[in-house]
Amino acid sequence: MELIGEEEIQEVLEVLRGGYLFRYGISLGADVDPRFKGKVYEVERAVADYCGVRYAVAVNSGTSALLTALCGLGVGPGDEVIVPGYTFIASISSIIYARAIPVLAEVDRTFNLDPADVRAKITPRTRAILAVHMMGNPARLAELKAIADEHGLLLIEDAAQAFGASYKGRPVGSIGHAGAFSFNVYKTITSGDGGMVVTDDENVYRRCFAFHDQGHSPLRTGVEIGRRPFVGLDFRFTELQAAVLLPQLRKLPRILSHLRANKARFKERIAGLPGLEFRELPDPDGDLATMLTVILPTEELARRIAGELGTKVVADAGWHVYSNMEQILEQRTITPEQCPFTCSPYTGRGGQMRYWKGMLPQTDALLARSINIGIGVSDPGLGSAFGVTMRDGLEEVEERAARFREVAGRHLTGRHPAAAGRGAER
Ligand SMILES: Cc1ncc(COP(=O)(O)O)c(C=O)c1O
């Protein structure tokens, strides 16, 4: 968001002057022209190429991207989808709107899905694993993919917070059967709102496209009447949004190196405090570096340090913790019947799925003693009130890191000397 500038302005003006705001090139009084390959098509191609997959469908949000991916993959009534309890609510609500049942699983010290708990939560109803790459870092994809393959499950990547991150040399989103990105205002690159589904599977692409555009074939080519595979909706992206996203995409390498330099310096400066540990990264080289997450020895210490720094522990940060999602815990669906919890063919676990505060004790304990330090993405929902932004350079990093060191050092010193320097993150 901080990097919206002249390039975006020029590209938006180009669209406005051309008069084609719709992805199919319709201009006032004209018919849909499927041959029109405007900026939405161009940004789809650019993201697919960046991810190293064949297909991308641009949609109007990350939430729509998740729902489109789930429906494109045919996840629906009677299916269970395993999803972490630490995530943005859209990972869970999209499953509910696909009329499947979210099964909440623990996160581990990666702050992403714990493969051991995923295994424990598999039932004959399980259809997919929805791996979320929280705060710019990939989940343990090798382990999760092995579990998915072993059990014949779909692996879907919620890479909404991780566009630009990679796992063992491959961009996130490209490793599962489908990946979903968000380009909302809190993300590395943005079009205000926006999202993208990526996949390497042509059939999945065709289904995703149909779902996001009233059942039509990609680019509305061919005779449609009589050939639409199912009822779709409208989650289309516009030429104006694509005009913002294209220049943003070109800025990604610059954004990445800025974030990585700032994070490396911050981390170096606060490393070695007694008892302070870092989030574990399954692939440190692929880190997007939007956030530096620290783990303190106890909840009490973490709360005191966070309070003094004017921020909160991750557990209290709000939106991203299952225990703060009352609408999920209480299954507040849009009608009193509580579909899909009661209306789908779901009969597993001896009755209706239940959620409650405290159901994921490992996740609760970890989040209660952790603090997110913002490096480039300021998202109040993630609790990153303390840290630096994209506008800041190494000078601000030095200043904020010194402050962290002073506050945390005072609280930690002498308490856990044996744990000094035991950081997990490289
Ligand atoms: C992990 C995760 N999934 C999904 C979404 C949904 O994206 P959007 O806000 O673009 O709908 C977000 C957005 O913040 C997110 O962080």
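Bear in mind these aren't lab numbers, they're just calculated from the coordinates by the rules spelled out. All figures in this text were calculated on a predicted structure; none of them were measured in a lab. Note: ideal-geometry Cβ built from the backbone for every residue, glycine included; neighbour counts use all protein chains shown.
Residues that are within 19 Å of residue 231 (Cβ to Cβ) and surrounded by fewer than 23 Cβ atoms within 10 Å (Cβ to Cβ) within the range 42-70 comprise just one, 60. Of all residues assigned to the range 73-86, none qualifies as being in a helix (DSSP H, G or I), more than 11 Å from the ligand (Cβ to nearest atom) and surrounded by 23 or more Cβ atoms within 10 Å (Cβ to Cβ). If you check 168, 121 for being surrounded by fewer than 20 Cβ atoms within 10 Å (Cβ to Cβ) and farther than 26 Å from residue 45 by Cα, only one passes: 121. In the range 115-148, what count of residues is obtained for those that are under 30 Å from residue 189 (Cβ atoms), touching a helix residue (DSSP H, G or I) at 6+ places or on another chain (Cβ under 7 Å) and either within 16 Å of the ligand (Cβ to nearest atom) or not in a helix (DSSP H, G or I) (or both)? Going through the range 115-148 one residue at a time, the tally reaches 8. Restricting attention to the range 87-105, the residues being within 10 Å of the ligand (Cβ to nearest atom), out of contact with any helix residue (DSSP H, G or I) (no Cβ under 6 Å at 6 or more places or on another chain) and in a helix (DSSP H, G or I) number 3.
Is it fair to say residue 104 is surrounded by 19 or more Cβ atoms within 10 Å (Cβ to Cβ) and free of Cβ contacts under 8 Å to residues at least 60 places away in the same chain? Judged against the criteria, residue 104 is not a match. The set of residues in the range 300-330 that are in contact with a strand residue (DSSP E or B) (Cβ under 7 Å, 6 or more places away or on another chain) and aromatic (Phe, Trp, Tyr) contains only 322. Candidates are the residues of the range 376-414 that are at positive phi and within 27 Å of the chain's Cα centre (by Cα); the one that is nearest to the ligand (Cβ to nearest atom) is 383.
When you scan the range 44-64, how many residues do you find that are over 19 Å from the mean Cα position of the chain (by Cα) and within 16 Å of the ligand (Cβ to nearest atom)? Residues that pass the stated criteria total 0. Within the range 141-162, being under 22 Å from residue 377 (Cβ atoms) and either basic (Lys, Arg) or in contact (Cβ under 8 Å) with a residue 60 or more places away in the chain (or both) holds for 141, 158, 160, 161, 162.
Residues that are basic (Lys, Arg), without any contact (Cβ under 8 Å) to a residue 12 or more places away in the chain and not in a loop (DSSP other than H, G, I, E, B) do not occur anywhere in the range 343-357.
For (1) touching a strand residue (DSSP E or B) at 6+ places or on another chain (Cβ under 9 Å); (2) outside any loop (DSSP other than H, G, I, E, B); (3) without any contact (Cβ under 8 Å) to a residue 40 or more places away in the chain, each residue gets a yes or a no:
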site	(1), (2), (3)
332	no, no, yes
336	no, no, yes
359	yes, no, no
366	yes, yes, no
398	no, yes, no
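Of 221, 238, all but one fail to be closer than 16 Å to residue 42 by Cβ, surrounded by fewer than 22 Cβ atoms within 10 Å (Cβ to Cβ) and of a type in the set (Val, Ile, Thr); the exception is 238.
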